[in-house]
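Written below as structure tokens is the structure these notes are about.
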Amino acid sequence: MSRIGKKPVTIPSGVTAQIEDRTLSVKGPKGTLTLPLRDEISYTVDGDAILVKPANETKAARAFWGMQRTLVENLITGVTEGFTKVLEITGVGYRATAQGKTLRLQLGYSHDVNFPVPEGIEVKTPDNTTVEITGIDKQKVGQVAAEIRRWRKPEPYKGKGIKYRGEYIFRKEGKKK
């Protein structure tokens, strides 16, 4: 039995959810999100809650149960509050500036990296070593953060690179004589 899957997902006021054609669509103050529904799981919108239960007693149904409930909860959180990832840039001369729908990164290469920001994602740079990525789709926000981080992963000797806020970088001691 899935402990997470058993809990109903509450729908706050101002948010509407409906199921049609094996798709769950959630509409809220920040926008609309959709989720394709699995055949192994049954979904019911019951007043101010969404119930997620396995449709049958197969191993696949039990495996998808908790994950599908979490995905439904992420839809509701996204349309009400949104999601944010914060990246910190460490290194001499490393900086970032947001210019419209482009994020310009200076990461020690011979050229600047111009990262195009996808639709539905907003990128802000409060200072030149911090990048805030916000949006209503949790998967998209995480994917954009991972793609930006991929340009210069943090290295273990000096700690230079792009890291998530709160991420611990295991530091190594350098070579000795």
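The values are calculated or read from the model by the stated rules, or taken from the named source; none is laboratory data. Bear in mind the structure is a predicted one, so any value in this text is a computation, not a measurement. Here Cβ is always computed from backbone atoms with ideal geometry, including for glycine, and neighbour counts include all displayed protein chains.
Checking T134 against (1) surrounded by 13 or more Cβ atoms within 10 Å (Cβ to Cβ); (2) modelled with pLDDT under 95; (3) among the hydroxyl-bearing types (S, T, Y): exactly one of these is not met. Which one? All conditions pass for T134, except number (2).
Selection of first residues in the stretch 92-111 that are in a loop (DSSP other than H, G, I, E, B) and of second residues that are among the aromatic types (F, W, Y), restricted to Cβ pairs under 8 Å at least 6 apart or on distinct chains, gives the following pairs, ordered by first then second residue: L107/Y94; L107/W151; G108/Y94.
Those strands (runs of 3 or more DSSP E) of the stretch 3-62 in which at least 2 residues are surrounded by 11 or more Cβ atoms within 10 Å (Cβ to Cβ) and of a type in the set (G, A, S), considering only elements entirely within it, cover 23-28. Of the residues making up the stretch 84-93, at least one is under 16 Å from Q139 (Cα atoms) and of a type in the set (K, R).
When you check Y157 against the structure, is it hydroxyl-bearing (S, T, Y), surrounded by fewer than 14 Cβ atoms within 10 Å (Cβ to Cβ), out of contact with any Lys or Arg (no Cβ under 7 Å at 6 or more places or on another chain) and in a loop (DSSP other than H, G, I, E, B), yes or no? So Y157 does not fit the description; no. Put simply, of N128, N114 the only residue that is part of a strand (DSSP E or B), of a type outside the set (S, T, Y) and not assigned by TED's automatic domain parsing to the domain that holds L24 is N114. Here is the figure for the stretch 44-85: residues that are touching a residue at least 40 places away in the same chain (Cβ under 8 Å), farther than 20 Å from K30 by Cα and either of a type in the set (V, I, T) or assigned by TED's automatic domain parsing to the domain that holds E147 (or both) total 1.
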